[in-house]
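The values are calculated or read from the model by the stated rules, or taken from the named source; none is laboratory data. No experiment lies behind these values; they were computed from the predicted model shown. When we count neighbours, we look across all protein chains shown, and the Cβ atoms used for this are built from the backbone with ideal geometry, even at glycine. Note: accessible area is taken over every heavy atom of the protein model, side chains too, but ligands, DNA and RNA are not part of it. Shrake-Rupley method; radii C 1.70, N 1.55, O 1.52, S 1.80 Å.
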Amino acid sequence: MATSEINSKFIFISTDFVFDGRFAPYTEESLPNPESVYAISKLEGERAALSRNENSVVCRPAVIYSWVPTGQTSSSSSGKPLNFGAWLVSQLQARKEVRIVTDQVTSPTLADDLAQAILKLAESTKAKGVFHTAGATSISRYDFSVKVSEKFGFDTNLVRPIDSSQLKQVAKRPLNSSLISNRIKNETGYEMMSIEKALDIFASQASMEVELNRN
Ligand SMILES: NC(=O)c1ccc[n+]([C@@H]2O[C@H](COP(=O)([O-])OP(=O)(O)OC[C@H]3O[C@@H](n4cnc5c(N)ncnc54)[C@H](OP(=O)(O)O)[C@@H]3O)[C@@H](O)[C@H]2O)c1
């Protein structure tokens, strides 16, 4: 691997989906058991990175969300125009009802929080191996959506609870893939954000855009 030849660090972004969801919350010591093609490929990526460069760092975030400024939405190669949080805001803002699962629990991660965590790990000379880099709060997709709705002042009745069987998702999802992200704090001093702090930042980014448009 080119990075090991130049004695440099390789950082691989993985996922909470490497776990099957049966034994949450998970630490870096927990045994992965991926159950979808996506998750299997991410675990293979982790192993390839770690085996080819001993200084590799694997970051595992979950449900990454952030504000996407209006006019800057565009599909990535995976076909997603928006992340979950920004999509949710766009729907609620348009007063559309959203059906959100109550039985999938994760540790949603603000992109800014993840970016700072990655920088800390990149800067650290000691940090290597697997790090959970997910939001500090474990919460269902439904409860997360209600909190977002409240934070932005939308009608929370627009968020309708459903369970995974009603969603008919093709790929299997872990029902509880909550992550404990203590290792990064212990080794670099960086503490992943609580949902309250992250949603404050998320909402303030959105309101900044409203302010800019007003001026
Ligand atoms: N989204 C989540 O909730 C979540 C949760 C846990 C982990 N993750 C992990 O976080 C990472 C980002 O996820 P995401 O949801 O933001 O994915 P995404 O929306 O599909 O974005 C992937 C990005 O990677 C770029 N890309 C894809 N193939 C590339 C290549 N061969 N060379 C250079 N760039 C390439 C894409 O470029 P284009 O825009 O040009 O297509 C796009 O900007 C992934 O590794 C994912 O497994 C995501």
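From Cα pairs below 8 angstrom and at least 6 apart in sequence, can you work out the relative contact order of the chain, rounded to a whole percent?
Here the relative contact order equals 28 percent.
Nearest 20 debye, what's the magnitude of the dipole of the chain about its Cα centre given +1 on Lys and Arg Cβ and -1 on Asp and Glu Cβ?
That gives a dipole near 360 debye.
Out of residues 5 or more away from VAL58 or on other chains, whose amide H comes under 5 Å of its own, with H placed 1.01 Å from N in the peptide plane?
Here PHE12, GLY129, VAL130, PHE131 satisfy the definition.
With a ≥ b ≥ c the root eigenvalues of the C-alpha gyration tensor of the stretch 2-214, is it rounded (a/c under 1.5), prolate (a/b larger than b/c) or oblate?
Prolate.
Can you tell me the dipole magnitude for the stretch 40-140 around its Cα centre, using point charges on the Cβ only (Lys, Arg +1; Asp, Glu -1), in Debye to the nearest 20?
I would put it at about 100 debye.
Lys/Arg Cβ at +1, Asp/Glu Cβ at -1, dipole of the chain taken about the Cα centre: which of GLY71, ILE195, ALA134 is farthest positive-ward?
Final value for the positive-end residue is GLY71.
For the stretch 2-214, with every protein chain kept in place, what is the accessible area per residue (1.4 Å probe, Å²)?
Spelled out: the 1.4 Å probe surface of the stretch 2-214, per residue, equals 53 Å².
So which of LYS128/LYS197; LYS120/LYS197; LYS126/LYS147; LYS42/LYS96 end up more than 30 Å apart by C-alpha?
Distance filter (> 30 Å) returns LYS126/LYS147; LYS42/LYS96.
Is the stretch 3-108 best put as rounded, prolate or oblate by its Cα gyration tensor, with a ≥ b ≥ c the root eigenvalues, rounded for a/c under 1.5, and otherwise prolate when a/b is larger than b/c, oblate when not?
Judged from the Cα gyration tensor, the stretch 3-108 comes out oblate (a/c at least 1.5, b/c at or above a/b).
Positive end of the charge dipole of the chain (Lys, Arg +1 and Asp, Glu -1 on Cβ, about the Cα centre): tell me which of GLN166, ALA62, PHE154 has its Cα farthest that way.
After comparing all options, I get GLN166.
Based on the inverse mean of 1/r over its pairs of different Cα atoms, what is the Kirkwood hydrodynamic radius of the stretch 150-215, in Å?
In the stretch 150-215 this quantity evaluates to 16.0 Å.
When a/c is below 1.5 the answer is rounded, else prolate if a/b is larger than b/c, else oblate, so apply that to the stretch 1-55 with a ≥ b ≥ c taken from the square roots of the Cα gyration tensor eigenvalues.
In terms of gyration-tensor shape, prolate.
Rounded to the nearest 500, what is the chain's calculated 222 nm mean residue ellipticity when only DSSP H runs of at least 4 contribute -39500 (n - 2.57) each, over all residues?
Result for the chain: -12000 deg cm²/dmol, rounded to the nearest 500.
How far, in degrees from 0 to 90, does helix 141-152 lean away from the longest principal axis of the Cα atoms of the chain, to the nearest 10?
Once rounded, the angle reads 60 degrees.
I want the antiparallel fraction of DSSP beta bridges within the chain, as a percent rounded to 5.
10 percent
Tell me the carbon and sulfur percent of the accessible area for the stretch 21-82, rounded to whole percent, probe radius 1.4 Å.
Of the solvent-accessible surface of the stretch 21-82, carbon and sulfur hold 52 percent.
Report, by chain and number, residues whose modeled amide H sits under 5 Å from the one on VAL105, excluding near sequence neighbours (fewer than 5 apart, same chain).
Hits under the 5 Å cutoff: ASN176, SER177.
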